[in-house]
Amino acid sequence: MLSTLYAVLLYAATILLVVGVATKVLKYARTPAPLKIPVSPAPRTRTGVVLRMAREVLFFQSLFKSNKWIWVFGFLFHWGMLLVLLRHLRYFTQPVWWWVDLIQPIGVYAGFAMMAGLLGLFARRVFQERIRYISSPSDYLMLALLILIAFSGLMMKFVTPTDIIMVKAYMLGLMRFQILELPTTLPLLVHLGSVAILMIIFPISKLMHAPGLFFAPSRTQVDNAREFRHKTAWADQLPPLPETIPASGEN
Amino acid sequence: MAPLDKNDDGTPKIGKDPLEIPKLACGASADIHTFEAAPEHNEPLGFPGELLDNWKEVAIAKMGELAEKNRAFRVYLDTCVKCGACTDKCHYFLGTGDPKNMPVARQDLLRSVYRRYYTFAGKYFPKLVGARDLTKEVLDEWYTYYHQCSQCRRCAVSCPYGIDTAEISMAAREILDSVGVGQKYCNEIIAKLKKTGNNLGLNPKALRATLDDLEEDLEDETGIPVKIPLDVKGADILLITPSADFFAEPHIDGLLGYAKVFHSAGVSWTLSSYASEAANFGMFIGSYENMREVSWRIRQAAKDLGVKRIVFGECGHAWRVAYSFLNTLAGPFDFLDQNYPIPQHILEFTLDEIESGRLKIDKSKNDEYVMTFHDSCNVARGSSMGREEGGQFEVPRAVLKAVCNNYYDMDPDTIRENTFCCGGGGGLLTDDLLDLRVKGAKPRMTALQQVTEEHGVTHMAAICAICKTQFSKVMPKYGYDMDSIMSVHQLVANAVILDGQETDEADEPVAEEST
Ligand code: SF4
Ligand code: SF4
């Protein structure tokens, strides 16, 4: 029963996540940027922009320059989460890829790093008056949800071990559209349930910052407006203006 | 509560640290309103004269339209994670303490409404995500706080996602205009420009008379008939400069500097009365159409006069529009000489002259000044110069260091890409916002005070008409003389020695070289 319920939940979450994010990303991609607005100093070449974005995505360059505390917590959280996610690949692959095996031990520390980052961010949201001022209930809930995910995950690893062989069989089953039996320990159910919720709200929340980042004209545009004429379809259709100074226009 | 500590005489007190973060003072600048435009200011720009009856529907529809037409608007409204990294970056927040002047809070004034009408979460769970209905109070709040943003992009530099509050401010002002709530200062000026070719409403006759006076001054000073040509067909270079260069101090001294540089370079150049304005207030109000119309005059003037090159004078926002938008708005400029940047900045021109050794300089002429340089926000973060990334910082400094001996930079956190707006940018340079302008200048004034104490800096140079006007007005409030702000080309003008110019000291080394 629970196995089926969770199967439905996970399928639905996956579909909503993929379709939702794809729809939004397509929308971002199709919305024109009418003017060249890179925040300068900006690279003069495509390669330069790729490097700029790489520094943003991998090291959070701008955040590092602007706020060290948020950078530390954000960095711990995001990199921790990435390693934890990669570590989880072992539940979806058979045989497990060699490098996924390799990072298993680091993945555990990464879980703590992620948790530390999240708690730090939560504390800042609560105690730093400027951030508290700009926070809505959803901002706290989002962090709480991530903390719940991390916490339940760590619980399974260190407190109430879960039958991961069975979990893996269940996941591999879902990937072949078979519903096998899911262990029914509480941490696991909380863990999977909260992950599903996160997937569902992803496309309709600020979590869209992850793909959205790649569509910010201020960072992704090349600074070459003088050399190349930037054009937009809707602007091209504006009524033409006279090429010469109108006779009456002589002020 | 007093958001800004005052001295006994009522002038604002300068702190120790330009980046000092104030305590939140809710509503501290809620009463600072800029004058609203009258119908005769709005209508020539294509906006309704006054608040529409169905303003709410129109505003909501406009918001949707902007999300379709402008990727920045759509993406920025979606991607903010409320991390707070931008909260202490705005000079108006640092100066007033009003939390709605924190960049993210400023964005949220609009984002909250956008969410309500255009997102799933905001439609069904408004309380949860901080979405709210559009009401007259909200509209008024937009008017207040989107006219406390100078669109300087300091916040955009700090945001991990590059969210640029300036784009949101421009969009908000466009929405306000589209329902008939314009700002008097900007809209009146754009209307004037459409009639006369410049923001001042100077007609060609008056302009020529002003230039005649300046030519006389130049001849008195140098003994050489340096010209400031107007509407000369067939000239090589069309100079587009802010109209403040024709009448305001220290702007005029900059114009005299351009004239001397052009004279010394031996190029033929001209101003245009039809396009006698570099500033483009269309950007401030976020109106693509108005910005295009204003820019288009430059294309028309260039064609009409048959020039080969376009050079821009010292003007910050103008240079952003020129450097980043002109090609898009009024291009292609295939009829100009492709061997030169289109458009070129006067500093690029002058630096070329200096580096090639053609311009003769006597640095000691500026020895009475100990200089620093204020990077104008829109030049720093919305444009560039020269051939290298970051040229907008290096070119002006190279020129300054070539023409004066005493130069010191201010605190690194307040210059270059981290520079502060002067406090009067983005359409806020109006007397009805003077209170805000004084408060917004505080971080810059504090940084200046530091170098005055450490290095004895006496003067600050800038390359923006707005910065110059703003500083000459607010510097006295911070204990500096109003002429402590200088044009970069004013210093160039002081140091340049024209061919055949009589110099006081005949044994000057530079004079010897001149042949
Ligand atoms: S720095 Fe960017 S993401 Fe963070 S609160 Fe400000 S606008 Fe939002
Ligand atoms: S663009 Fe400048 S004035 Fe506007 S919110 Fe950002 S920092 Fe403040």
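The values are calculated or read from the model by the stated rules, or taken from the named source; none is laboratory data. Model, not experiment: these values are computed from the prediction. In this analysis, Cβ positions are derived from the backbone assuming ideal geometry, glycine residues included, and neighbour counts consider all displayed protein chains. The protein model used for the area step is the full one, side chains on, heavy atoms only, and it has no ligands, DNA or RNA in it. Shrake-Rupley method; radii C 1.70, N 1.55, O 1.52, S 1.80 Å.
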Problem set entry | Any cysteine of the protein assembly as shown lacking a neighbouring Cys Cβ under 4.7 Å - listed by number | B:Cys26, B:Cys80, B:Cys83, B:Cys90, B:Cys149, B:Cys159, B:Cys186, B:Cys315, B:Cys404
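Where does each of B:Tyr407, A:Tyr170 land when they are ordered by accessible area, with a 1.4 Å probe and the largest first? Don't skip to the end; give the middle numbers.
On the way: B:Tyr407 30, A:Tyr170 0 Å².
Heavy-atom accessible area, descending, gives B:Tyr407, A:Tyr170.
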Exercise. Taking the Cα atoms only, what angle lies between the long axis of helix A:104-127 and the longest principal axis of chain A, rounded to 10 degrees?
Worked result: 60
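Can you give the accessible area per residue of the protein assembly as shown, in Å², using a 1.4 Å probe?
Numbers: 30040 Å² over 766 residues.
Heavy-atom accessible area per residue stands at 39 Å².
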Exercise. For region B:426-495, what log10 I(q)/I(0) values come out of the Debye formula at q = 0.16, 0.23 1/Å, with one point per alpha carbon and no solvent?
Worked result: -0.56, -1.06
For this session: Just read off the accessible area of A:Tyr28 with the full protein assembly in place, 1.4 Å probe, to the nearest 10 Å².
Result: 0
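Run the numbers on region A:1-159 and let me know its relative contact order in percent, using alpha-carbon pairs under 8 Å that are six or more apart.
The value is 16 percent.
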Seminar exercise, completed: Evaluated at 25 °C and 0.890 mPa s, the Stokes-Einstein D of chain B based on the Kirkwood radius over Cα pairs, in µm²/s, stands at 104
For this session: Over the alpha-carbon set of region A:1-69, work out the extent along each principal axis and list the three values in angstrom, largest first.
Result: 58, 35, 20
Seminar exercise, completed: For region A:33-221, the charge dipole (Cβ of Lys, Arg +1; Cβ of Asp, Glu -1; about the Cα centre) points to a positive end, and the Cα of A:Ile37, A:Phe59, A:Gly153 closest to that extreme belongs to A:Ile37
Exercise. Along its principal axes, what span do the Cα atoms of region B:269-361 show, with the longest given first and each in whole Å?
Worked result: 43, 26, 22
Problem set entry | Between region B:155-197 and region A:176-250, the alpha-carbon center distance in angstrom | 23
For this session: Using only Cα atoms, find the angle between the long axis of helix B:184-196 and the longest principal axis of chain B, and express it within 0 to 90 degrees, rounded to the nearest 10.
Result: 50
Exercise. In whole Å, what is the distance between the alpha-carbon centres of region A:76-112 and region B:361-388?
Worked result: 52
For this session: Considering the convex hull of the alpha carbon atoms of region B:44-132, report its projected area averaged over all viewing directions, in nm², one decimal.
Result: 7.8
For this session: Quote the relative contact order of chain B in percent (integer), defining contacts as alpha-carbon pairs under 8 Å separated by 6+ residues.
Result: 18
Problem set entry | B:Asp375, A:Asp236, reordered so the largest accessible area comes first (probe 1.4 Å) | A:Asp236, B:Asp375
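Grab the alpha carbons of region A:33-221, take their convex hull, and tell me the volume per residue in Å³. If you can, show how the numbers build up before the last one.
Numbers: hull volume 31.5 nm³, N = 189.
Dividing the Cα hull volume of region A:33-221 by its residue count gives 167 Å³.
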For this session: Write down the percent of antiparallel bridges among all DSSP beta bridges whose residues are both part of the protein assembly as shown, to the nearest 5.
Result: 15
Problem set entry | For the protein assembly as shown, alpha-carbon Rg and Dmax in angstrom | 28.8, 102
For this session: Provide, for q = 0.13, 0.16, 0.22, 0.25 Å⁻¹, the log10 of I(q)/I(0) from a solvent-free Debye sum over equal Cα point scatterers in region A:112-167.
Result: -0.42, -0.56, -0.82, -0.95
Exercise. At a Förster radius of 51 Å, what calculated FRET efficiency corresponds to the Cβ-Cβ distance of A:Leu26 and B:Val232, to the nearest 0.05?
Worked result: 0.45
Problem set entry | Under 13 Å, Cβ to Cβ, from A:Arg30 - net charge with Lys/Arg +1 and Asp/Glu -1 | +4
Exercise. When the helix-only estimate is applied to chain B (DSSP H runs of n ≥ 4, each -39,500 (n - 2.57), divided by the residue count), what is the mean residue ellipticity at 222 nm, nearest 500 deg cm²/dmol?
Worked result: -13500 deg cm²/dmol
For this session: Sorted from largest down, give the three principal axis spans of the alpha carbons of region B:39-188, whole angstrom values.
Result: 42, 37, 27
For this session: Could you estimate the translational diffusion coefficient of region A:1-144 from the Stokes-Einstein equation, with Rh from the Kirkwood formula over C-alpha pairs, at 4 °C and 1.567 mPa s, in whole µm²/s?
Result: 69
Exercise. How big, in percent, is the set of alpha carbon pairs in region A:160-214 lying more than 12 Å apart?
Worked result: 72
Exercise. Expressed as cubic angstrom per residue, what is the convex hull volume of the alpha carbon set of region A:188-250?
Worked result: 167
Seminar exercise, completed: Counting only protein heavy atoms and leaving out ligands, DNA and RNA, the solvent-accessible surface of B:Thr458 at a 1.4 Å probe, in Å² to the nearest 10, equals 50
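Averaged across the residues of B:383-390, what count of C-beta atoms belonging to other chains lies within 10 Å of each residue's C-beta? Mind dumping the intermediate values first?
Details: counts 8, 9, 1, 0, 1, 2, 9, 3.
Per-residue shielding by partner chains comes out at 4.
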For this session: Would you mind checking the tilt of helix A:137-158 against the longest principal axis of the Cα atoms of chain A, expressed as 0 to 90 degrees and rounded to 10?
Result: 40
Seminar exercise, completed: Whole-percent tail of the Cα-Cα distance distribution for region B:337-430, cut at 17 Å, equals 58
